[in-house]
Amino acid sequence: MGEEEWQRHLEVEDDGLMRIRRHGSMNVDAMIVSSPEHMSKSSDSRSISQLVNIASMPGVVGEAWAMADWHFGYGFPIGGVLATDVEWGEQGGSISPGGVGFDINCGVRMIALECTVDDIPNIDKLAGRLNGRIPSGGSGKGGLDISKTDLDDIILRGSNAMVDLGFAYDEDLKNIESLGALETDEGVSERAFNRGLKALGTLGSGNHFLELQTVQTIEDSNPHGLFEGQVVCMIHSGSRGLGHQVCTDHVRNLEDKYRSRNGIWHNEEWGFEIQDRQLAAAPIHSREGQSYLDAMNGAANYAFANRSALTHRLRKTLAAEMDVDTRLLYDVSHNIAKIEEHQIHGKTCTCAVHRKGATRALPNQPVLVPGDMGTGSWLLEGVEGNRAFASSCHGAGRILSRSQAKKQIDGKALKKELESRGIRVHANTPNIMSEEAPDAYKDVDEVIQLSNAAGLTKPIARLSPLAVIKG
């Protein structure tokens, strides 16, 4: 990395933790789940500069955090965690769409199959069928046939509506973060609504996937009833075009309310100052803040429903091939802002916790961390004493941008190499193999080790890829 101002304030805190002392416009210190060795592998200092910027947000409390999979994002670093005091100032601390991201409630769920790979009659045929029956790609084509009334109910009630529509099991709900529904009243804009009408039950593109995996190893404790060699399915998807439109609507509205003075962005009505226009935020109790929170919750409900719809399609495809029981182990969000209570300097604070590319990690709660399609993924659990507002990493984290990966990595050669190792890959976009190659990501095992060393999580099981469906 080139020399940056923040580097003069960087110090090693403990195993797996580094601290940037408050300086300049920062209102709090910033914490990085990292080591000097891990830090040295990053060639892009912009994401750490973003971390420094969010530490200056109005109403910020505790510390600003970057999880071990941090990388550059829109305004906030991906892997960023920031909490603001909802009672700060006259209308509360800031809530920022950039602190959630465009794919609202992008998240991961894991379904356990009561079988091993040897119980699957033809794994190649199953992978091919999944590719044919799980719509992927950026268009959103192939979604479930639902009415406008159905979508209204989904935006209002999330996965609960999917149970009533016959696209989810009632017993699934207890294993979904927030029981699969967040409170919302106003709904989303007409354009967002229309973008969601045809896309329910589609994966999307980029790093979204459906992946059959096997349980490679189990750590000392195994509270989730898994066994070595068991087949599981991990689904990574979010709110599709509906969530993207919600973010776009509110980002545009809020960014228009800020003016630049000497490189700092100001909002006179609220007295807010931010370091980057992409951090545009509103007080949480303001009309704009409440409108965003309401629409974000509606988009989050759509994402919960979308992962339920994808699970429904998985179950139908499995039933056509074999007789196997399935169990939703957990579904967790990683692009969301939630109102939570946390202890800050010994006092209880009601906070708006932004998790952008970061996973909630309450004690004993499953934490699902996909790695890359050639390496492996992890099941973790949250632990007591998590200082990062009960948060953890959400994946391996990119080290190459998509454009860099396309230039450096031969996608066709990679596909052959993965298949030689028994990993079946179905990718519908020509460049996806290069963009999502293992070499484009950090070492997920190192990311997990740092998260554990930092006292954020504990490992439960490591998972190996078997068949991958990507957009």
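Taking the conditions exactly as written (over 23 Å from Ala83 (Cα atoms), at pLDDT 95 or above and either in contact with a Pro (Cβ under 8 Å, 6 or more places away or on another chain) or not in a helix (DSSP H, G or I) (or both)), does Leu379 satisfy them or not?
Criteria met by Leu379.
Within the bounds of segment 363-377, is there any residue that is under 24 Å from Leu293 (Cα atoms) and surrounded by fewer than 19 Cβ atoms within 10 Å (Cβ to Cβ)?
Among the residues of segment 363-377, not one is under 24 Å from Leu293 (Cα atoms) and surrounded by fewer than 19 Cβ atoms within 10 Å (Cβ to Cβ), which makes the answer no.
Quick one: Gly346 ticks every box in (1) at pLDDT 95 or above; (2) surrounded by fewer than 21 Cβ atoms within 10 Å (Cβ to Cβ) except a single one, so which number is it?
Result: Gly346 passes all but (1).
Give Met39, Met26, Met31, Met57 a once-over and let me know the one that is part of a loop (DSSP other than H, G, I, E, B), aliphatic (A, V, I, L, M) and within 21 Å of His394 (Cβ to Cβ).
The conditions single out Met57.
Would you point out which residue out of Gly229, Gly238 is buried (at least 24 other Cβ atoms within 10 Å of the Cβ) and in contact with a strand residue (DSSP E or B) (Cβ under 8 Å, 6 or more places away or on another chain)?
None of the other options fit; the residue is Gly238.
Among residues belonging to segment 146-191 that are crowded, with 20+ Cβ neighbours inside 10 Å, under 20 Å from the mean Cα position of the chain (by Cα) and aliphatic (A, V, I, L, M), point out the one that is nearest to His236 (Cα to Cα).
Ile176
Select from segment 68-116 the residues that are in a strand (DSSP E or B) and of a type in the set (Asp, Glu) and write down the one among them that is farthest from Thr359 (Cα to Cα).
That would be Glu114.
State whether one or more residues within segment 245-262 are surrounded by 19 or more Cβ atoms within 10 Å (Cβ to Cβ), among the aliphatic types (A, V, I, L, M) and farther than 30 Å from Lys470 by Cβ.
For segment 245-262, residues surrounded by 19 or more Cβ atoms within 10 Å (Cβ to Cβ), among the aliphatic types (A, V, I, L, M) and farther than 30 Å from Lys470 by Cβ: present.
The values are calculated or read from the model by the stated rules, or taken from the named source; none is laboratory data. Just so we're clear, the structure is a prediction, and the values are computed from it rather than from any experiment. For neighbour counting, all protein chains shown are included, and Cβ atoms are generated from backbone atoms with ideal geometry for every residue, glycine included.
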